[in-house]
Amino acid sequence: MGGVEDDEPPSKRVKVSSGESGSVPNGKSSTEQGSCSLSNPMARLLASGGDDEVVGSKGIIKKVELVRIIAEALYSLGYEKTGKRLEEESGIPLHSAVVCLFMQRILDGQWDESVATLHEIELGDENIIKLASFVILEQKFFELLDGEKVMDALKTLRTEIAPLRINDDRVRELSYLIVSPSQSLLDGTSGRESKAKSRRSLLEQLQKLLPPAVIIPENRLVLLVEQALDLQIDACRLHNSSVGEMSLLSDHQCGMDQIPSQTLQILREHSDEVWFLEFSHNGKYLASSSGDCLVIVWEIDGQVSVKHRLSGHQKPVSYISWSPDDDQLLTCGVEETVRRWDITSGECLHIYEKTNLGLISCVWAPNGKTIFTGVTDKSITMWDLEGNEVESFGGQRTIRIADLGISTDGRELITVCKENKILLFGWETRSEKFIEEDQTIISFALSEDRKFLLVSLFNEVLHLWNIEGSPKMVAKYKGHKRSRFVVRSCFGGLEQAFIASGSEDSQVYIWHRLSGELILTLTGHSGAVNCVSWNPTNPHMLASASDDRTIHIWGLNRVNMSYNERHGNGVHHANGGT
């Protein structure tokens, strides 16, 4: 029959008939994988065009395909009789007779017959036929070599595999095995167990090569259901919690109770307007700066409390940057100096300054060994931690806007180089890319993965840019108010699915990132909200800094949560309140 001799007893061999089942991928019986009954008079071969009957209100689901994937799901779940009954009653086989014969010949090691049957399936793509033939004959080669039939293996390689001209490098590797066959060929074992396992693996490999209309992909129905659930989560504009169990019996929907909308604490330690604040990467600390020249480090442990008051700046502190490990903090005074602080002790470790010049921004390199600062002469300076100037990048690299970003690999700096232009500067290669806006840029914020840039503009619009490769604007957000001051925005929430911004009307604005829909405004401040920061490890914690000299810590509305837990049957529903 053109196969490799097999010494397995007949009772162990795989058979496909209306009454027997055998081994197939993943150790399932043939009926678990899908019925391959060749004698079933109710089963009919699927024509290449398939049955055009459709089901569902949209008229896009083909009945034949639906029945086949349901049958595959039944067999996968172990409901063999039900799967077979579905095929018989519908007249729609999971696999055609020729495909069943092909699969059985693979499992029986009938390699020449398998290749011949492959041509009968009418795949319509010669390249797929060659690829499938290659892996089938490769298995034949392995089993011959494993059975110490070296000359037969060499003949298969020369007269059957090589002429396919599929993978010359692989052919050379196989040739080497003939010369040096010491390594194990069949999954590290030998004998019948190894042979059966490798044939099942081959069938799995062929399943990926052949079109899904020929062999239904394993667990296809489960995959479609999972995709549908993922799409429901993506479409849920209030989704802000890790999903536990999801029911298939109702659509997924979250309510406002998943968005931090209730003031949990008001922090009043600053004596002047609070200009900037930022959570540490690990979410355990919050740093804030103010017109009172003071930086406060807050510790988050259930409640938010003061850990350190960092004094030493002679001017208001406009910018803060956490070290990659959150052990240190950079603070920048307005056109003054940059200070580096130890978070554990609160000690100032170093002061960075330039003679007759002021520093306006600061950022850590991802390696934590160097820092970059913007300078009032529009240059950018690179420092080591000891305060030695490593390099200075002159020219129009920055303006007096206290924003400075850096890429994940540390090779690209992001800065506002003109009133309406952002520079993405490859400081090692001196490469330059630009984002040009038609309005004056007020501030910007980087996403956690450093792939997106959120730009706040003079005309009260936020632009979201994808900065991978060539920068491309992908979204806009409107609604917040800004006319006189620097107002900052941020990414936040679960998987950074939301955009938040301060506003001069004393409110915090929150949008759904993908849709751009304004979903919530938070009231409570009595002055302009200058800056917002979302806790990167707690999607239910948001902080806002205001001219009213306070910081508000926002959390979940427990009243709404309690109501929805009692009445929502596990699904949250918005009630329109804030």
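The values are calculated or read from the model by the stated rules, or taken from the named source; none is laboratory data. Treat the numbers as computed from the prediction; the structure is a model and nothing was measured. Here the Cβ positions follow ideal geometry from the backbone for every residue, glycine too, while neighbour counts run over all protein chains shown. Heavy atoms of the whole protein, side chains included, go into the accessibility calculation; ligands, DNA and RNA do not. Shrake-Rupley method; radii C 1.70, N 1.55, O 1.52, S 1.80 Å.
When the solvent-accessible area of segment 239-383 is split by element, carbon and sulfur atoms take up 43 percent of it, the probe being 1.4 Å.
Normalised by the number of residues in segment 287-372, the average gap of Cα pairs under 8 Å and 6 or more apart makes the relative contact order 21 percent. 3J(HN,Hα) along segment 85-95, derived from phi through the Karplus expression 6.51 cos²θ - 1.76 cosθ + 1.60 where θ = phi - 60°, amounts to 4, 5, 4, 5, 6, 7, x, 10, x, 4, 10 Hz, with x in place of Gly and Pro.
Kindly provide log₁₀ I(q)/I(0) values, in the same order as q = 0.09, 0.13, 0.19 Å⁻¹, from the Debye equation applied to equal alpha-carbon scatterers of segment 330-445. For segment 330-445 at q = 0.09, 0.13, 0.19 Å⁻¹, log10 I(q)/I(0) is -0.22, -0.47, -0.98. Would you work out which of 380, 477, 446 lies farthest towards the positive end of the dipole of segment 338-481, given +1 charges on the beta-carbon of Lys and Arg and -1 on that of Asp and Glu, about the Cα centre? So the residue furthest toward the plus end is 477.
For segment 377-430, what is the accessible area per residue in Å² when the probe is 1.4 Å? Using a 1.4 Å probe on heavy atoms only, each residue of segment 377-430 averages 43 Å².
By average Cβ neighbour count within 10 Å, what is the ranking of 498-509, 303-314, 326-337 from highest down?
Details: 498-509: 24.1, 303-314: 15.2, 326-337: 20.8.
In descending order of packing, they fall as 498-509, 326-337, 303-314.
Each Cα pair under 8 Å and six or more residues apart adds its sequence gap; the mean of these over the residue count of segment 356-423 is a relative contact order of 26 percent. The Cβ shell under 15 Å around residue 180 holds other residues with a net charge of -2, Lys and Arg each +1, Asp and Glu each -1.
Any of 62/195; 284/481; 421/481 with alpha carbons more than 28 Å apart? Name them for me.
On the way: 62/195 38 Å; 284/481 31 Å; 421/481 22 Å.
The answer is 62/195; 284/481.
Rg and Dmax of segment 417-535, both derived from C-alpha coordinates alone, stand at 14.3, 48 Å.
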